[in-house]
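Right, one structure below, let's go through it.
Values in this text are rule-based calculations from the coordinates and carry no lab data. All of these numbers come straight from a predicted model, not from anything done at the bench. A quick note on method: Cβ atoms are made from the backbone with ideal geometry, for glycine too, and the neighbour counts reach across all protein chains shown.
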Amino acid sequence: MFATRKLWIAAVAASVTALASSSSALAQKKYDAGATDTEIKIGNIMPYSGPASAYGVIGKTEAAYFNKINAEGGINGRKINFISYDDGYSPPKAVEQARKLVESDEVLLIFNPLGTPSNTAIEKYMNSKKVPQLFVATGATKWNEPKDFPWTMGWQPSYQAEARIYAKYLIKEKPDAKIAVLYQNDDFGKDYLKGLKDGLGAKSSMISAEEGYETSEPSIDGHIVKLKASGADVFISVTTPKFAAQAIKKLAEMNWTPLHIVSNVSASVGGVIKPAGFENAQGILSAAYAKDGADAQWDSDPGMKKFLEFLTRYYPDGNKLDGSVVYGYGAAQTMVKVLQMCGDDLTRANVMKQAASLKSFTPDTLLPGVTINTSATDFAPIKQLQMMRFKGEKWELFGDIMSSELSN
Amino acid sequence: MSAVQEVTAVPALEAVPRRAMTLGAGTSLIVLALLIAFPLFVKNFIIFQMTMLLVYGLAVLALNILTGGSGQFSLGQSAFYAVGAYTSAILMEHAGMNYALTLPVAGLVCFVFGFLFGQPALRLSGVYLALATFALATAMPQLLKLGYFEHWTGGVQGLVVTKPDAPEMVQSVLSWVHLKMSQDMWLYYFTLLITMAIYIFSVNLLRSRSGRAFMAIRDNEIAASAMGINVALYKTLAFGVSAGITGVAGGLGAIAVQFVAPDGYTITLAISLFLGMVVGGVGWLPGSIVGSAFIIFVPNIAEGISKGLSGAVFGVILFLVIFLVPHGARQVAMVAQHLLDRLKRR
Amino acid sequence: MELLTNQVLAGIATGAIYACMALAVVMIYQAIDHLNFAQGEMAMFSTFISWQLMQWGLPYWVAFLLTLAFSFAGGIAIERLLFKPLAKAPILTNVAGFIALFAIINSCAGLIWDFTIKQYPTPFGSAPFLGSQLISTHQAGMIGVTVLLLIALYVFFRYTRIGLAMRAAASVPESARLVGINTSWMIALGWGMAAAIGSIAGMLIAPVVFLEPNMMGGVLIYGFAAAVLGGLTSPFGAVIGGFLVGIIENLAGTYIPGVGNELKLPIALALIITVLVVKPAGLFGRPIVKRV
């Protein structure tokens, strides 16, 4: 009888402990809409059609990357459900898709939505609904305002930041230069131009000519003619891939050889330089924060090897020479890191908290020395770039990793 | 290429008989009842989509008046839509005007704009007019981005618009029955009210003397002018009215989306509105909503079927529609009417 | 003064692009009395086909001729399959059909060949033409081919029986039928020729603007504008129109202060509309006589 009583107490004690521990485990798991024990729903908006459809490949890369993570067991045991919609680069459509994702699909967050107009359109909505608008796919400078928009965070170095680096370089290396700028007449081009002028500061008179073009123009040759006539000896090309290639080609045809700087957006070897012709691109300058798939120097780099393996297994259609593919991989990897850091607390507030606590995180595809850092007052994950010069058939990095703060 | 055009040949645009110009009274009431009742049962997001349905329906209605009513092609409605949207946004954000008041202003501004555009358009017809309106639509985003206007328009960045809450009176009445009206629901009913008003106005316009003048011009311009109709006045009036309604639609759209930017008002919008008119049935006002539903929901359906080929799927669906019902939803309605008549006779 | 000549020359160079496209536009207009929105996409698709053939190893001229044949057949096929059933439908419905065709072709091209730009070879080389740094040998070649095409079309319409039959079928279909002309097949022939001319335009334009699915969007607008300016009934007018549009645009961008640069296209279009208001049939078009 005595033994039965002991057994009885032991059984009760055991079950109470079990209950207590399981309920405390339950108590540690916190979910907002879109997160459960088995699944995390991530929303995304990309231009799969329309004028910016070339960037749709970013969404495809990210979908493939999340497939890879799921095949490897998911994040803390949860599978990613990646829901990506097309907005055709139209802000009203982006608003519709964002609302659909948040209110109909009930995603936990929207990751890497692309395009400044689309992101500006949904920013207020996302912040009022308190849904993270994470790692937006645009370099506009305004995504780093944690006080006013605590739920919106950028990822890539901002256009103004990049432009300031070029300005710094020019002031140092060619202080008497006459600069001609060809820029796309939209938020991307205008942001850059502002960064250039801010970076040149008192010396912004170095800019002797600026020509804006519209993406509806078939060819920008007329603009180049005008810029050459201004007598400039530095040519800055704030252009998207197609027009960057046209500019490189036209400059060669005209036998005009200024110091040619091209924006990082169009520095892709496969997407721009190769079609334009390697022989025409010698000596062009640009800046980078990620490794280039076309550059053989990274062939034995462990990070790039993982990237190439990923392509072979999960995204064979992906072109390693396309900068957008490399971009998608890096952004997706950052997203996975943040979700891993969340553990079992998958509330939206915690997602933002973890996103704002990245310290020296290095995705596989960033240049050595470039790291991701965020804090409660710093919503710009990547702030560093290194300049590079095109030689032979690839980019050669030179100089130090430069930080793009305005203060210096 | 016809160097010699036979004016007595089949006119480019079909006349819609006056009887068939609207739905019967019974059907209209049923549709209206549905439109009023359903927001109580669905989520805010669907209400938002329905609001956009009404907004684009208004724009297609305006195009129906212009093309189906007075026979003038227009591929440039997106320009008037944009002007209306920006007028509302600028007045709301820079002048602090109440959102409801901005709509008549937007409508008026666009009416004048359309009327003025109609002047040079008088000398153009058919494909030339299409090109001129196409040019207007292409020019509008670039005008909106212009540096001169940046202070008001926000330039390439656009303007963010504040969404209004339901007015105090409505809120307090509803609180008696423990109901709360969300911003989306309020905006929907507000849009519905305006849509109904404009629809009734348009139907009456097309049934009036002016409407008959429009249609006379559409069917045979020379004969109309020979009969004493002031062709120039009515043609420009048609442009003005159509632009005005599109402007109101644009203003409502700006409030619903809470954002205006040049990228949202490209030639793609003008082409979509045109497609909406064709699918709904040219000149058939109730078809405007069917056309609007087509241009909002079919792209989503196409995307659901295949993300990579969403454009192709959309094109195929469009082809199917125009093969099956070349005259648009009006044809479907006519067939349905026909069947109902036969049943009644039994 | 030098800037002026430079801009005029550059305008002629880009104008050649528009002139090419305008010829295809005029061709289709001659056949069906309408502007086909999908003309540019068809040209782009043909250019991709030729690119693909070259990727598979065929030499340039073989690929060129095969593509021409394919485009001609394709144009006829599209007309027979998709637009003949719509012959009795209202015109606006046909226009909706063109738009649907545009969407389908653009989307398919994007799926098959993706949206990154591709280099496209030119048989004329890219060296400066006659030492001028503004016009390359390719652009000179483009102008040359356009002029040749123009002459060929002129001869076709003026001096061949089929050309005469096509003009008759488009102009007075009733009478043409009475004389035994199969008007339905004339329309199909018109489509085929327009598609073939479009493919030539595409293959000439691609080396300058780089090949990608969205390359023809802007070009088509300019092509329409050029065709309308020159007169939709006149291939000669289309070519002149193309050059004029290129020149006007460049000069507007250079000399109109402040807004000239940002409003190049709208200004060019506004000028065209002004011309139309004065001369409704375009510069070289035959005035339309309306029989009451």
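Listing for the model above:
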quantity: Compactness of chain B - radius of gyration and Dmax, Cα, Å; calculated: 20.6, 71
quantity: Neighbour-count ranking [beta-carbon atoms within 10 angstrom, fewest first] of B:HIS151, A:HIS260; calculated: B:HIS151, A:HIS260
quantity: A:HIS260 long-range amide H proximity, modeled H, under 5 Å; calculated: A:PHE235, A:LEU285
quantity: Gaussian network model of chain B, springs between alpha carbon atoms under 10 Å - residue of B:VAL321, B:VAL31, B:VAL112 with greatest fluctuation; calculated: B:VAL31
quantity: Segment C:2-278 - Rg and Dmax from Cα coordinates, angstrom; calculated: 18.7, 60
quantity: Cα gyration tensor, segment B:266-346 - rounded (a/c under 1.5), prolate or oblate; calculated: prolate
quantity: Isotropic mean projected area of the C-alpha convex hull, chain A (nm²); calculated: 23.5 nm²
quantity: Within a Gaussian network of chain B (alpha carbon springs, distance under 10 Å), most fluctuating of B:LEU66, B:LEU174, B:LEU53; calculated: B:LEU174
quantity: The protein assembly as shown: antiparallel DSSP beta bridges as a percent of all, rounded to 5; calculated: 40 percent
quantity: Whole-Hz ³J(HN,Hα) from phi, Karplus 6.51 cos²θ - 1.76 cosθ + 1.60, for segment B:123-135, glycine and proline x; calculated: 7, 10, 8, x, 5, 5, 5, 4, 5, 4, 5, 4, 4
quantity: Two-site FRET efficiency, A:SER205 against B:TYR148, from Cβ-Cβ distance with R₀ of 22 Å, rounded to 0.05; calculated: 0.45
quantity: Computed helical MRE - 222 nm, the protein assembly as shown, DSSP H runs ≥ 4 contributing -39500 (n - 2.57), nearest 500; calculated: -19500 deg cm²/dmol
quantity: Residues with amide H under 5 Å from that of A:ILE207, placed H, sequence gap 5 or more; calculated: A:ILE179
quantity: Gap separating the Cα centres of segment B:81-131 and segment A:321-355, nearest whole Å; calculated: 44 Å
quantity: Å³ per residue enclosed by the Cα convex hull of segment A:219-333; calculated: 104 Å³
quantity: Top positive-direction residue, dipole computed over segment C:2-278 with Cβ charges, set C:LEU23, C:GLY217, C:SER107; calculated: C:LEU23
quantity: Listed residues B:ALA243, B:ALA232, B:ALA85, most fluctuating in chain B (Gaussian network, C-alpha, under 10 Å); calculated: B:ALA232
quantity: Taking A:MET46, B:MET334, B:MET52, A:MET153 and counting other C-beta atoms within 10 Å, the order from fewest to most; calculated: B:MET334, B:MET52, A:MET153, A:MET46
quantity: Segment B:140-191 and segment A:223-290: distance between their alpha carbon centers, rounded to Å; calculated: 43 Å
quantity: Lys, Arg +1 and Asp, Glu -1 on Cβ, resulting dipole of the protein assembly as shown about Cα centre, debye, nearest 20; calculated: 2180 debye
quantity: Top positive-direction residue, dipole computed over chain B with Cβ charges, set B:ILE245, B:LEU339, B:GLY26; calculated: B:LEU339
quantity: Number of partner chain Cβ atoms within 10 Å, mean per residue of A:202-210; calculated: 0
quantity: Cβ charges +1 (Lys, Arg) and -1 (Asp, Glu), total dipole of segment C:2-278, debye; calculated: 700 debye
quantity: Dipole-positive endmost among B:TYR188, C:ALA206, A:PRO91 within the protein assembly as shown (Cβ charges, Cα centre); calculated: B:TYR188
quantity: Of A:LYS147/A:LYS306; A:LYS124/C:LYS264; B:LYS235/C:LYS279; A:LYS242/A:LYS391; A:LYS41/A:LYS190, those spanning more than 30 Å from alpha-carbon to alpha-carbon; calculated: A:LYS147/A:LYS306; A:LYS124/C:LYS264; A:LYS41/A:LYS190
quantity: Partner chain coverage, peptide B:126-133 - average Cβ within 10 angstrom; calculated: 6
quantity: Student exercise, segment B:18-345 dipole from Lys, Arg, Asp, Glu Cβ charges, in Debye to nearest 20; calculated: 1040 debye
quantity: Mean separation of Cα contacts under 8 Å, 6 or more apart, over the residue count of segment B:90-186: relative contact order %; calculated: 25 percent
quantity: Calculated SAXS-style log₁₀ I(q)/I(0) at q = 0.05, 0.09 Å⁻¹ - the protein assembly as shown, Debye, Cα scatterers; calculated: -0.33, -1.06
quantity: For segment B:73-228, alpha-carbon Rg and Dmax in angstrom; calculated: 20.0, 64
quantity: Distance in nm between pseudo-label sites at B:VAL173 and A:LYS394 (7 Å out along the Cβ direction from Cα); calculated: 7.3 nm
quantity: In range of the label at B:LEU40: residues from segment B:187-219 whose backbone nitrogen is under 19 Å from the point 7 Å along Cα→Cβ; calculated: B:187-193
quantity: Long-range HN-HN contacts of B:GLY283 with modeled amide H, under 5 Å; calculated: B:GLY68
quantity: Sparse-neighbour loop sites [chymotrypsin sites (Phe, Trp or Tyr not before Pro); segment C:1-109; at most 11 other C-beta within 10 Å; DSSP]; calculated: C:TRP56
quantity: Stretchable slack from B:LEU340 to B:ILE305, in nm (0.36 nm times residue separation minus alpha-carbon distance); calculated: 9.1 nm
quantity: Sorted by Cβ neighbour density within 10 Å, fewest at the top, the residues A:VAL272, B:VAL105; calculated: B:VAL105, A:VAL272
